[in-house]
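The structure appears right after this line, and notes come after that.
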Amino acid sequence: GRFEAAQKNYDLYLQNYPGGINRAEALYGRAFGRLEQKQYAAAMADFKLLLEEFKDHPLAADAAFQAGKLAVFLKQEGAASTFFMDAIARSRGETARTLEARAWLDYEAEKFPSAARMFSEAAVQYAESGGDADPRRTEMRFLTGLAEFRAGEYRKAADRFEALAADTDTEFTPAALANAGVAWLKLRRLDRALERLREALDHPKPLRGR
């Protein structure tokens with residue numbers, strides 16, 4: 001596939017030109033290719049190498065941000081916070097990305113109400129730059145619901161997951177249905193909870209583990 005071909009090109013460049021002028025770009029591109037191929041440890045190694053070797057490179061802020069998100073996925077909470085703080089420090093001004101990074105920091109610190117607020121604000125900003133169908137907006141809406149749930153705001157979370165499942169059909173849809181079901185259980189709405197949980201299990205897309 002195209003990712004495998006790109007990987008070979010990056011590997012060849014990095015092997016043949018260890019001090020090449022495009023080394024940072026090659027490390028960054030190879031990291032994303034490895035992410036697509038679910039080679040998570042190798043992708044993390046490339047992001048770390050880029051950050052170590054090119055501290056002042058324009059790609060460093062995004063590399064730190066992506067490493068933070070990967071660390072969250074790998075459940076490396078301490079490392080995630082370090083990467084997100086690094087991403088914020090390297091960023092110029094407040095952007096959707098820095099808002100998301102701050103939201104993750106609060107989420108990891110169990111400051112769920114403020115995490116929900118910032119995830120929601122990041123969703124708005126991602127929509128402004130990429131449109132309502134921007135997958136980053138969808139992810140931020142989902143994470144807002146998670147933070148609301150963790151804050152004990154079960155009705156808000158249920159409504160948010162319901163809205164997300166109703167107007168999108170993405171990789172987050174089954175998890176939105178499942179989380180809506182759990183939120184309805186918390187609210188003692190057993191009928192609606194069972195309905196949503198069945199829909200999540202019957203959905204053609206796989207259920208993500210969040």
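The values are calculated or read from the model by the stated rules, or taken from the named source; none is laboratory data. Note that the structure is predicted; figures quoted are calculated from it, not measured. Cβ atoms come from the backbone with ideal geometry, glycine included; neighbour counts cover every protein chain shown. Protein only, heavy atoms only, side chains kept; ligands, DNA and RNA dropped before computing areas. Shrake-Rupley method; radii C 1.70, N 1.55, O 1.52, S 1.80 Å.
Remarks
- Evaluating 6.51 cos²θ - 1.76 cosθ + 1.60 at θ = phi - 60° for every residue in the stretch 8-15, the Karplus couplings come out as 4, 5, 5, 4, 5, 4, 5, 6 Hz, glycine and proline recorded as x.
- For the stretch 82-141: rounded, prolate or oblate by the Cα gyration tensor [a/c cutoff 1.5]: oblate
- Segments 193-200, 27-34 sorted - mean Cβ within 10 Å per residue, highest first: 27-34, 193-200
- For the stretch 107-172, the alpha carbon positions stretch 29, 22, 16 Å along the principal axes, listed from largest to smallest.
- Listed by chain and number, the aspartates and glutamates whose alpha-carbon sits under 14 Å from that of residue 38, ignoring those within fewer than 8 places in the same chain, are 4, 46.
- Protein accessible area in the stretch 137-206, 1.4 Å probe - carbon and sulfur %: 50
- Structural size metrics of the stretch 20-74, computed from C-alpha coordinates, are Rg and Dmax of 10.2, 31 Å.
- Calculated accessible area for the stretch 60-151 comes out at 43 Å² per residue, all protein chains present (probe 1.4 Å; ligands, DNA, RNA ignored).
- Here the Karplus curve 6.51 cos²θ - 1.76 cosθ + 1.60, taken at θ = phi - 60°, turns the phi angles of the stretch 143-149 into couplings of 5, 4, x, 4, 5, 4, 4 Hz, with x standing for Gly and Pro.
- Amide H contacts under 5 Å for residue 57: none, restricted to partners 5 or more places along the chain or on a different chain, H placed in the peptide plane at 1.01 Å from N.
- Extension gain, residue 190 to residue 95: 0.36 nm times the residue separation minus the Cα-Cα distance gives 30.1 nm.
- Rounded to the nearest 10 degrees, the angle from helix 77-90 to the longest Cα principal axis of the chain is 60 degrees.
- Ranked by how many other beta carbons lie within 10 Å on average, peptides 61-72, 36-47 from highest: 61-72, 36-47
- Counting only Cβ charges, +1 for Lys and Arg and -1 for Asp and Glu, the dipole size of the chain around its Cα centre is about 440 debye.
- Qualifying trypsin sites (Lys or Arg not before Pro) in the stretch 92-191, DSSP loop, other Cβ atoms within 10 Å at most 12: 92, 188
- √(5λ) per eigenvalue of the Cα gyration tensor, the stretch 26-112, largest first, Å: 20, 16, 10
- Choice from 58, 18, 135 with maximal GNM fluctuation in the chain (Cα, 10 Å cutoff): 18
- Residue-count net charge about residue 130 - beta-carbon cut-off 11 Å; Lys, Arg +1, Asp, Glu -1: -1
- Averaging over all projection directions, the Cα-based convex hull of the stretch 60-190 occupies 7.6 nm² in the image plane.
- Toward the positive end of the charge dipole of the chain, with +1 on the Cβ of Lys and Arg and -1 on the Cβ of Asp and Glu, the farthest Cα among 96, 149, 127 is that of 149.
- For the stretch 156-204: rounded, prolate or oblate by the Cα gyration tensor [a/c cutoff 1.5]: oblate
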